[in-house]
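Comments concern the structure below.
Bear in mind these aren't lab numbers, they're just calculated from the coordinates by the rules spelled out. Please read these numbers as outputs of a predicted model, since none were measured by experiment. Here Cβ is always computed from backbone atoms with ideal geometry, including for glycine, and neighbour counts include all displayed protein chains.
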Amino acid sequence: MYAIFESGGKQYKVAAGDTVRVEKLPDAEGAKVKFDKVLAIADGKETYIGTPYLDAATVNAVVTEIGKGDKVIVYKYKAKKGYRRKQGHRQPFTAVEIESVSLGGKTVFKREAPKKPDKPAAKKDDEGEKPAEAKASDAKVEAEPVEAKASDTKAEAKPAAEQGQTETKADDAKADTAAAPKATKADIISKLDELGATYSKSAKKDELLAILAEAEKK
């Protein structure tokens, strides 16, 4: 369904809800206008053609915008005369939105009212009828690993403490060893003589200590 009307010496083919720019009109933005120079109307079943216009036919619209089009440069030039003229022009226009078309007092077609968006349906939880409780249980499950991590930290802390104690004991033993006087080779030989152990006088101190240790065990 469409209509063809004339305005400002130009013809426009429109349908309900279309927005077209026509030559500047004296009406203000938001005003309702009627175009009575209708050339043709098609309602989907039959086409009405005027001679040149249809009687009692109007295209009803509302002004949505008043403005100016893009700038057009007008340049004049004459060769070998030194004549140059440059001028810019922006053609004013009035944008209208087609609301309805009537013929003989009857509305042929009109713009449909915008439909209100449907409210989105509430999403259902597939896991159960009580999503809040499910979320709470999930929160508890997620909280358990945190406690486990805390216990792991404690477990890791114990070996560290034990290791510290072991290192402390080792340091004490080293300190005791360092504090004790070192035995000389002559002292070791005298002890071997007291115990009646056999040894070689040319043996080194470490060998004598090993012989002394075996003699003390006996």
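Between their Cα atoms, which of Lys32/Lys110; Lys37/Lys76; Lys24/Lys78; Lys34/Lys68; Lys13/Lys110 are more than 26 Å away from each other?
Lys37/Lys76; Lys24/Lys78
Could you list Thr198, Thr94, Thr47 in order of exposure, starting from the residue whose Cβ has the fewest other Cβ atoms within 10 Å?
Starting with the residue having the fewest Cβ neighbours, the order is Thr198, Thr47, Thr94.
Work out, in µm²/s and without decimals, the Stokes-Einstein translational diffusion coefficient of the stretch 2-110 at 25 °C, 0.890 mPa s, Rh from Kirkwood over C-alpha pairs.
156
For Ser200, Ser7, which order do you get if you count the other beta carbons within 10 Å of each Cβ and list the fewest first?
Listed from fewest to most nearby Cβ atoms, that is Ser200, Ser7.
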